[in-house]
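One structure is given below, encoded as structure tokens.
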Amino acid sequence: MIKSYYPKAAEIESKWVLVDADGQNLGRLATQLAVLLIGKHKPTFTPGVEMGDHVIVINARNITVTGTRTNSKLTTKNYYHHSGFPGGLKTVSLRDQLQSHPDRVLRSAVWGMLPHNRMGRHILKRLKIYAGSEHPHGPQNPQPVK
């Protein structure tokens, strides 16, 4: 009988990874970040175990959106949130969201690629996104990734 490998807590090591989003496409970058966060890039990946790395994204304001419907996508793609009160539905277009809060655009794209459960919410907390090139996570010694 072949037993499947299940990593122990002491065997799991998570690194800090620095990703520069300058000039990268939104969807392709989001898939790379999801793979790093889940841990699928590691040879010891096991589903249901948090094996991913901590990811720091800088220059999020320089993300590009491409495709055949790029101009219409910037105006027709909307982000919604609700205040909890009657009539409290707020709508923000992709163009406005990229200008005001580019970190929310990237976080939403990555969240769509993670499991929508307790583990996925915990994994998403390992993602740190900054609009500029400065970040406060200097002591962790992040490793740059292209």
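Data for the structure
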| read-out | value |
| --- | --- |
| Computed [θ] at 222 nm, helices only, for the chain once each DSSP H run of length n ≥ 4 contributes -39500 (n - 2.57) | -8500 deg cm²/dmol |
| Restraint check, Lys73/Lys125; Lys42/Lys128; Lys15/Lys77; Lys77/Lys128; Lys42/Lys73, Cα-Cα greater than 26 Å | Lys73/Lys125; Lys15/Lys77; Lys42/Lys73 |
| Electrostatic dipole magnitude of the chain [Cβ: Lys, Arg +1; Asp, Glu -1; Cα centre; debye, to 20] | 400 |
| Ordering of 29-37, 80-88, 12-20 by packing [mean C-beta count within 10 Å, highest first] | 29-37, 12-20, 80-88 |
| Over 22 Å [Cα-Cα, the chain], rounded percent | 47 |
| Choice from Glu134, Glu11, Glu50 with maximal GNM fluctuation in the chain (Cα, 10 Å cutoff) | Glu11 |
| Placed amide H near Val17: partners under 5 Å, 5+ positions off or other chain | His54, Val55, Ile56, Gln143 |
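Every number here is computed from the coordinates shown, using simple stated rules; none is lab data. In this text, all values refer to a predicted model and were calculated from it rather than measured experimentally. Methodologically, a virtual Cβ is constructed for each residue, glycine included, from the backbone with ideal geometry; neighbour enumeration extends over all protein chains shown.
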